[in-house]
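Take a look at the structure below.
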Amino acid sequence: RTQEVALLRNWPGADTDGFIFFGQGYSGDYSATNVYWLGFGTGARRFTSRSAAPLADARVVVTHLKTIVYDAKRLYQDTFRPSDATFDHWFAEALLNGQSATVTLAADAVSPAQDAVFEIVLYGKSDTPGVNPDHCTRVQLNAGPSADFLYEGQEVFTGRVVFSATALRTINRFDLTQVLQPGVSDDYAYLKQCALTYTRNLRPEDNALLFDGQPGACNYRIGGWPADVSLLVCDIADPVNPVQLTDF
């Protein structure tokens with residue numbers, strides 16, 4: 001995005017010469033691709049470093065919050081509210097009474113002691129005069145617990161439900177069904193996006209782990225690494241200028 005990113009030229013334990021940098025994922029309206037250019041010269045930006053030795057009397061953190069978002073751009077509806085410039089007219093799913101849509105979201109290393117959160121963004125398409133609210137989207141998790149979201153007309157709706165993380169599996173099926181309200185003959189809506197947030201144990205995913213730190217003085221304990229692994233730990237609060245952490 002038109003700015004130089006810092007490089008790290010090798011690190012202790014690396015078995016080959018080379019360099020690495022931190023790249024942020026990108027998902028725009030027209031592309032899901034970032035382009036990086038490699039050049040040569042003097043004064044190149046490099047990683048800085050600082051000590052991350054364990055702190056005395058700091059609380060030990062063994063979990064983090066993880067959010068999985070489903071926001072596929074599968075349906076383009078330029079005739080729906082065509083003069084509304086607040087969104088891009090892309091939707092993930094069409095929801096019509098009598099039919100169901102299914103979203104699957106993966107969850108691993110779940111800590112069942114903390115509740116999970118499901119969030120959803122919906123747009124009503126149909127509008128039944130005299131009935132308020134005229135939309136009802138029922139979301140059911142893994143053929144078990146369910147929640148109804150009620151909303152009105154051709155408006156955006158954001159819903160949120162908290163539930164026990166014990167209901168989560170490795171692959172979670174969320175079934176979305178439009179439930180007819182009294183006086184409504186057809187209920188039509190769009191799913192913009194949905195998200196699952198849960199408490200996850202601090203364990204690597206494909207030999208890496210990305211997580212948010214917590215306020216205050218904390219020691220982080222991460223399990224599940226191979227005994228002989230050479231770890232690179234960085235603070236990426238400033239993603240174009242990562243700080244390499246040492247003494248961990």
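Taking the accessible area of the chain, probe 1.4 Å, and keeping the other protein chains in place, the carbon and sulfur fraction comes to 50%. Between Thr48 and Asp148, the contour length at 0.36 nm per residue exceeds the alpha carbon distance by 31.0 nm. Placing unit charges on each Cβ (+1 for Lys and Arg, -1 for Asp and Glu) gives the stretch 1-111 a dipole about its Cα centre, and among Phe21, Leu96, Thr67 the Cα reaching farthest toward its positive end belongs to Phe21. Just the number please: accessible area per residue for the chain, 1.4 Å probe, all protein chains included, in Å². Per-residue accessible area for the chain comes out at 61 Å². Remark on Tyr220: its backbone amide H falls under 5 Å from those of Val61, a criterion applied only to residues 5 or more positions apart or on other chains, H modelled at 1.01 Å from N. With the charge dipole of the stretch 136-248 set up from +1 on Lys and Arg Cβ and -1 on Asp and Glu Cβ about the Cα centre, the Cα lying farthest toward the positive end among the listed residues Leu196, Thr158, Pro215 is that of Leu196.
The charge dipole of the stretch 1-110, taken about its Cα centre with unit charges on the Cβ of Lys, Arg, Asp and Glu (plus for the first two, minus for the last two), comes to roughly 360 debye. Overall shape: oblate for the stretch 22-119, with the ratio a/c of the largest to smallest alpha carbon gyration tensor axis at 1.5 or above and b/c at least equal to a/b. When you count the other C-beta atoms within 10 angstrom of each residue and take the mean per peptide, 122-130, 228-236, 21-29, 188-196 line up highest first as 188-196, 122-130, 228-236, 21-29. Positive-end ranking of Phe47, Pro182, Asn132 along the dipole of the chain, with charges on Cβ about the Cα centre, is headed by Phe47. When +1 charges are put on Lys and Arg Cβ atoms and -1 charges on Asp and Glu Cβ atoms, the dipole computed for the chain relative to its Cα centre reaches about 540 debye. When the square roots of the Cα gyration tensor eigenvalues are ordered a ≥ b ≥ c, the ratio a/c for the stretch 93-245 is 1.5 or more and a/b exceeds b/c, which makes its shape prolate.
The values are calculated or read from the model by the stated rules, or taken from the named source; none is laboratory data. Here the structure is a predicted model, which means the values were calculated and not measured. Because the Cβ atoms are built from the backbone with ideal geometry, glycine has one as well, and the counts that use them run over all protein chains shown. Surface areas here come from the heavy atoms of the whole protein model, side chains and all, with no ligands, DNA or RNA. Shrake-Rupley method; radii C 1.70, N 1.55, O 1.52, S 1.80 Å.
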